[in-house]
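The numbers here are math on the coordinates, done by the rules we state, and not lab data. This one's a predicted model, so the numbers in the text were calculated from it and none came from an experiment. Cβ coordinates were reconstructed from backbone atoms using ideal geometry, including for glycine residues, and neighbour counts include every protein chain displayed.
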Amino acid sequence: EVEEHLVRIVRVRAVRELTNERACGTPTPYLLNMLTRQCLLLAQAVSYTKEQGHATPAALAEALGCHPFVAKKLLVQAKQFHTNEVGHLLDTLFRFDRGVKNGSIDYESALDILVMKMVEREAVVRSV
């Protein structure tokens with residue numbers, strides 16, 4: 001129950017930070033790229049922990065080629081997601097990327113939809 005509460009706080013904070021970044025003029029393509037990179041790292045961390053059972057920040061850092069501090073944060077985040085959930089999020093991001101490139105969606109709309117999906121997941125977690 002405490003973990004679910006922390007996950008909710010982190011998601012609300014993430015949405016708030018994204019909104020703040022946009023208000024401060026951070027380019028939306030940069031924000032989407034940043035989120036995509038984070039999701040890719042998260043997917044790798046989820047996969048690694050699933051395969052290894054128990055992973056240390058040092059082992060994950062070595063496997064991903066990232067700083068141990070980043071690996072430590074990824075391990076915490078990886079516990080909050082199921083493999084299929086991360087896969088769905090990556091599919092959504094890749095669809096947005098393709099849509100932006102072929103002109104079927106703009107960056108701002110893609111980020112708005114992504115934020116709504118984050119909030120939607122928050123509502124689902126809250127109702128459980």
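Need the list of lysines near LYS50 for cross-linking: C-alpha distance under 20 angstrom, and skip anything on the same chain fewer than eight residues off.
LYS72, LYS73, LYS79
Mind listing the phi-derived Karplus ³J(HN,Hα) values for region 21-33, rounded to whole Hz, using 6.51, -1.76 and 1.60 with θ = phi - 60°, and x for any glycine or proline?
So the J values, rounded to whole Hz, are 4, 5, 5, 7, x, 5, x, 4, x, 5, 4, 5, 5.
When the Karplus curve 6.51 cos²θ - 1.76 cosθ + 1.60 is applied with θ = phi - 60°, which whole-Hz ³J(HN,Hα) does each residue of region 83-89 get, with x for Gly and Pro?
Computed from phi, the couplings for region 83-89 are 4, 5, 5, 5, x, 5, 4 Hz.
Please turn the phi angles of region 42-58 into ³J(HN,Hα) values with the Karplus equation 6.51 cos²θ - 1.76 cosθ + 1.60 (θ = phi - 60°), one per residue in order, whole Hz, x for glycine and proline.
My calculation for region 42-58 gives 4, 4, 5, 5, 4, 4, 4, 5, 5, 6, 8, x, 10, 10, 9, x, 5 Hz in order.
For region 61-119, with the dipole built from +1 on Lys and Arg beta-carbon atoms and -1 on Asp and Glu ones, taken about the Cα centre, which of VAL115, ALA63, PHE81 lies farthest toward the positive end?
Of the listed residues, the answer is ALA63.
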